[in-house]
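The block underneath contains the structure these notes are about, expressed in structure tokens.
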Amino acid sequence: MEKSIEIEEAIITIVADGVMHVHLKVEHRFDLHHADNIYEARLKLAKGGKFAIMYTAPKFIRPTRAVRKHLASDERLLTTTADAFVINSIAHRLMANMYIRINKPKLPTAIFEDKQEAIEWLKNFAVPKD
């Protein structure tokens, strides 16, 4: 099974059984077309499996309202089991907290400062590939 794929918007890696890491490369404004490209790449890498997803970003990005709505949509329940956002700044924390409070995602969603803690939490929602 392919373990990693890189596209213009992100590096996407399977880091554990049923857990995927999406490291965003987009800077500043994060639009729906970025999210769509990442979604398509995730589907290719997942090969039909459902994954819990950890998101990281090196710099502050601002997802548009359409992206936040998509992340919280019922559609993602078909391919995703949980979301973890690993933050590295107060601005990231504020944005993640705002997303959770306002968009009320249907998937289990949490914020972490440590990648390994995020992965361990996501493993609780991982669907092992047969």
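The values are calculated or read from the model by the stated rules, or taken from the named source; none is laboratory data. Everything quoted here is computed from the prediction, not taken from an experiment. All Cβ positions, even for glycine, are placed from backbone atoms using ideal geometry, and neighbour counts span all protein chains on display.
Residue count for region 82-115 under the criterion of being of a type outside the set (G, A, S) and either in contact with a Pro (Cβ under 7 Å, 6 or more places away or on another chain) or in a loop (DSSP other than H, G, I, E, B) (or both): the result is 10. Of all the residues in region 114-130, those that are at pLDDT 95 or above and surrounded by fewer than 17 Cβ atoms within 10 Å (Cβ to Cβ) number 7.
The C-beta contact set for region 42-70 (first residue crowded, with 20+ Cβ neighbours inside 10 Å, second residue part of a strand (DSSP E or B) and hydroxyl-bearing (S, T, Y), distance under 8 angstrom, 6+ apart or interchain) comprises F51/T80; F51/T81; A52/T80; A52/T81; I53/T80. From the set of residues in region 4-26 that are hydrophobic (A, V, I, L, M, F, W, C) and touching a residue at least 60 places away in the same chain (Cβ under 8 Å), which is surrounded by the most Cβ atoms within 10 Å (Cβ to Cβ)? Among residues in region 4-26 that are hydrophobic (A, V, I, L, M, F, W, C) and touching a residue at least 60 places away in the same chain (Cβ under 8 Å), the one surrounded by the most Cβ atoms within 10 Å (Cβ to Cβ) is V19.
Residue-by-condition table, conditions (1) in a loop (DSSP other than H, G, I, E, B); (2) touching a Ser or Thr at 6+ places or on another chain (Cβ under 9 Å); (3) under 18 Å from D83 (Cβ atoms); (4) of a type in the set (S, T, Y):
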site: I12; (1), (2), (3), (4): no, yes, yes, no
site: V15; (1), (2), (3), (4): no, no, yes, no
site: M20; (1), (2), (3), (4): no, yes, yes, no
site: H23; (1), (2), (3), (4): no, yes, yes, no
site: V26; (1), (2), (3), (4): yes, no, yes, no
site: Y39; (1), (2), (3), (4): no, yes, yes, yes
site: R42; (1), (2), (3), (4): no, yes, yes, no
site: G49; (1), (2), (3), (4): yes, yes, yes, no
site: I53; (1), (2), (3), (4): no, yes, yes, no
